[in-house]
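In what follows, a single structure is set out as structure tokens and then discussed.
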Ligand SMILES: NC(=O)c1ccc[n+]([C@@H]2O[C@H](COP(=O)([O-])OP(=O)(O)OC[C@H]3O[C@@H](n4cnc5c(N)ncnc54)[C@H](O)[C@@H]3O)[C@@H](O)[C@H]2O)c1
Ligand SMILES: [Zn+2]
């Protein structure tokens, strides 16, 4: 395969951009030019992706180019060029290893991003049973077992032959050296699967690389493909590879033995693979005739793909019956009996226009890239955190770069890499400030860290960021006081620090432009509500380093009022659940700081709840020694909650009407216990309402 000069690469990339913009209507006069261009750019992207393991456009963009090529060739077969990318799989042979022939060609998959195309395909293939399974995003492998022994492992290669990587394959977790195929009379079997890295392993792998001073890998697929073909198997890098097997591509039975039932359907094959000790998606699969079921499965899987331990880029839908598969056959590029329904893209390319530096509530200064707004996975992304100076250096990100941006699930968007092939030479290095961009205070960097800090506690940016956190949804939840309004109120001098949030001059606020009585009134109501929030929210809202919601709740469990923490000793804190030395130290520091103590006094003065809300001791024993029994359905609580209330107040819950019973609480549709209790003079019958009054008195 050819290689590309930098100049040629840049040309082809520009051409790709033009084609992608023109993807929709192509006029007949342009067809020939467009086809010609596609015949040039697609092999280039295959080369980047398979040979260099460094794609320069997103998979979605590649699929768009490929789909355009398919459409044009279909509409104008006379213009199609022999040897077109539509006719074969993109070869990834590197001539590093001996070449071996696959028993059955190892092809690509046809794909779509549209439910309607999947539906049409299911109709076209005959509305049979289908097996749907995750499309694992790794690198394809083919395994050969003869007489129960693994004899060969190979890459896909050009589809007909691959590279013999048996030694490396033996290092991959989950691939057994032997498997009892002979139990089913199977003498020779060829399997297809994927070598991959779990998301967890990938993170650890990148951490290991960072420690060794190596550049980080962009994603688990790259990491798996890159390490599988290392020439020195058994290196530390291969230890994190795993495999998943999902297909029997070929088998030969022992003489006179008929193939077992379990080989006749895709769904059963997955089960068989699992039974024989192979990692296979038998638990995740769905077998169904119905398009509605299949598309629901695809969408459900897409919705929870972030919690799946492996990266997936779609669902593969396969005709379930093996005989049906054979009669449908294949093209020279993909089997006709399978279709990949691909998930919505989560990557996009955009231009990096400028870098701003934001100051967080702890003073950390974070570089944030402003990019041309681009939609990714249903959200428009315009700002992307660059984390810190070290990462910017590692990735060599520059202003003016075209950048590949990824936004996966709940992970904040990040820059995978700059597309260096698109550089013009006019890109500028990112300069890091030495002074706080907001207050001008000199920045400091703790030893061994890559983050710079503004250490001026009074820094306006930090003050506002602290208030934003305090008013946030998980903290005091003051609706209508997001970052923008917070800044506005601050600029007008209506608020200055956290306590001032409870002392806003609402008349003045109402007189501000775009505010008025109504909005001011709404904010007032939200602030009033916040005054009575449970204490853990206040603690979390204070933004103490290392104190998340869970730790805030632990603190509440161990105190009666917030001021109990003033002057607390680290040793005491460490005896509480899940509080280690670092967290304890941070809490001590906070509550021993004079300014903080003063702030708490102000909050108390402003009637902000500082109590844990545990029941007063007097109320605690209102039901001392009394016994209760419940019957029927309670309308305002479950029986479990009701029972907990009884116990909390010193009472006891019984299971049946007996001599020791004091109260029967009857909900709607009471059972025979009511009649029994009525017959028993010593039992008092209560309604749910009576019960609550009794508890709360
Ligand atoms: N960004 C780029 O520049 C660029 C360039 C070339 C290719 N690509 C990407 O690669 C794709 C084409 O690559 P491909 O030919 O390897 O096809 P593919 O990766 O889209 O699909 C085929 C492969 O899926 C894998 N697979 C995972 N789970 C499977 C399962 N349960 N059943 C069957 N197969 C399963 C197999 O390895 C199989 O070979 C493109 O659609 C694009 O996404 C991107
Ligand atoms: Zn500052």
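The values are calculated or read from the model by the stated rules, or taken from the named source; none is laboratory data. Keep in mind that what you see is a predicted model, and the values were worked out from it rather than measured. Reconstructed Cβ throughout: ideal geometry from the backbone, glycine too, with neighbour counts over all protein chains shown.
Summary table
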| item | result |
| --- | --- |
| Flag if residue 494 is away from ligand 1 (no atom under 16 Å from the Cβ), part of a loop (DSSP other than H, G, I, E, B) and within 19 Å of residue 360 (Cα to Cα) | no |
| Single residue of the range 388-410 satisfying the filter (without any contact (Cβ under 8 Å) to a residue 60 or more places away in the chain and in a loop (DSSP other than H, G, I, E, B)) that is surrounded by the fewest Cβ atoms within 10 Å (Cβ to Cβ) | 396 |
| Checklist (1) surrounded by fewer than 14 Cβ atoms within 10 Å (Cβ to Cβ); (2) assigned to a strand (DSSP E or B); (3) within 16 Å of ligand 1 (Cβ to nearest atom) applied to residue 151, failing item | (3) |
| Some residue of the range 131-141 being over 27 Å from the mean Cα position of the chain (by Cα) and within 16 Å of ligand 1 (Cβ to nearest atom) | no |
| Total residues in the range 50-64, condition assigned to a helix (DSSP H, G or I), touching a helix residue (DSSP H, G or I) at 6+ places or on another chain (Cβ under 8 Å) and surrounded by fewer than 20 Cβ atoms within 10 Å (Cβ to Cβ) | 1 |
| Residue within the range 449-464 that is closer than 30 Å to residue 4 by Cα, outside the structural domain of residue 511 (by TED's automatic domain parsing), more than 16 Å from ligand 1 (Cβ to nearest atom) and in contact with a strand residue (DSSP E or B) (Cβ under 6 Å, 6 or more places away or on another chain) present | no |
| Selection status of residue 368, more than 16 Å from ligand 1 (Cβ to nearest atom) and in contact with a helix residue (DSSP H, G or I) (Cβ under 9 Å, 6 or more places away or on another chain) | no |
| Hey, residue 344 part of a loop (DSSP other than H, G, I, E, B), more than 16 Å from ligand 2 (Cβ to nearest atom) and touching a residue at least 40 places away in the same chain (Cβ under 8 Å) or not | yes |
| Selection within the range 305-332 - part of a helix (DSSP H, G or I), out of contact with any strand residue (DSSP E or B) (no Cβ under 7 Å at 6 or more places or on another chain) and either within 16 Å of ligand 1 (Cβ to nearest atom) or without any contact (Cβ under 8 Å) to a residue 40 or more places away in the chain (or both) | 307, 326, 327 |
| Unmet criterion (only one of (1) farther than 30 Å from residue 304 by Cβ; (2) in contact (Cβ under 8 Å) with a residue 12 or more places away in the chain; (3) more than 13 Å from ligand 1 (Cβ to nearest atom)) for residue 92 | (3) |
| Options 425, 440: the member that is farther than 15 Å from residue 361 by Cα, near ligand 2 (Cβ under 9 Å from one of its atoms) and assigned by TED's automatic domain parsing to the domain that holds residue 381 | 440 |
| Identity of the residue in the range 362-386, outside any strand (DSSP E or B) and crowded, with 17+ Cβ neighbours inside 10 Å, that ends up modelled with the lowest pLDDT | 386 |
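Quick grid of which residues meet (1) assigned to a helix (DSSP H, G or I); (2) within 24 Å of residue 259 (Cα to Cα):
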site: 140; (1), (2): no, no
site: 145; (1), (2): no, yes
site: 203; (1), (2): yes, no
site: 207; (1), (2): yes, no
site: 216; (1), (2): no, no
